[in-house]
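For reference, the structure discussed in these notes is given below.
The values are calculated or read from the model by the stated rules, or taken from the named source; none is laboratory data. Small disclaimer: the values here were computed from a predicted structure and weren't measured. Heads up, the Cβs are rebuilt from the backbone with ideal geometry, glycines too, and the neighbour counts pull from every protein chain shown. Note: accessible area is taken over every heavy atom of the protein model, side chains too, but ligands, DNA and RNA are not part of it. Shrake-Rupley method; radii C 1.70, N 1.55, O 1.52, S 1.80 Å.
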Amino acid sequence: MSVIATDYSHYSNLVKASDSDNTTLFQDVVTVNESAQKSYVVGTVLGKVSASGKYKISVQNAADGSQTPIAVVVGDSFGNAAPFTVAATTDTKVLVLARGKVEVSKSALAFDASYDLQAELDAAYASLATVGILAVDAK
């Protein structure tokens with residue numbers, strides 16, 4: 001059978017509830033910078049590098065500050081939800097959930113493969129909760 005279309009995760013797959021209909025209260029455009037080319041999708045979990053203040057995909061065993069998840073990608077800098085590529089060592093603007101109170105679906109979060117134990121995921125959910133991003137089981 002041939003594939004007619006494929007789909008990707010959308011904002012509605014990620015965000016399940018918030019305390020306001022004004023989504024701009026929860027979002028920021030931030031600068032990401034990756035050491036290698038990376039693909040971002042809605043739900044990609046980011047950490048902030050302490051030295052530069054720039055974001056990158058949160059890796060559980062990193063030691064630069066980015067190991068602490070504090071933001072979730074919701075689109076490119078224009079808010080487009082389609083997957084996109086971040087070029088290596090290039091500052092790129094990305095739209096993220098940066099604060100809440102907002103509930104996101106655990107199943108829509110895209111973690112780096114280094115988060116492979118439930119205890120690590122639980123710690124990541126707790127870290128997101130410190131900025132008001134609450135990871136919940138989808139209903």
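Tabulated data
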{"read-out": "Criterion (in contact (Cβ under 8 Å) with a residue 12 or more places away in the chain, open to solvent by 70 Å² or more (accessible area, probe 1.4 Å) and within 12 Å of the chain's Cα centre (by Cα)) met by exactly one of LYS38, LYS48, LYS101", "value": "LYS48"}
{"read-out": "Condition met for GLY65 (free of Cβ contacts under 8 Å to residues at least 24 places away in the same chain and within 16 Å of VAL131 (Cα to Cα))", "value": "yes"}
{"read-out": "Out of VAL72, VAL32, sole residue that is open to solvent by less than 30 Å² (accessible area, probe 1.4 Å), modelled with pLDDT of 95 or more and farther than 22 Å from SER107 by Cα", "value": "VAL32"}
{"read-out": "Residues of the range 75-98 that turn out to be open to solvent by less than 40 Å² (accessible area, probe 1.4 Å) and either without any contact (Cβ under 8 Å) to a residue 40 or more places away in the chain or under 21 Å from ASP122 (Cβ atoms) (or both), as a count", "value": "3"}
{"read-out": "Neighbours by Cβ (under 9 Å, 6+ apart or cross-chain): first from the range 13-31, without any contact (Cβ under 8 Å) to a residue 24 or more places away in the chain; second of a type in the set (Phe, Trp, Tyr)", "value": "SER20/PHE26; THR23/TYR11"}
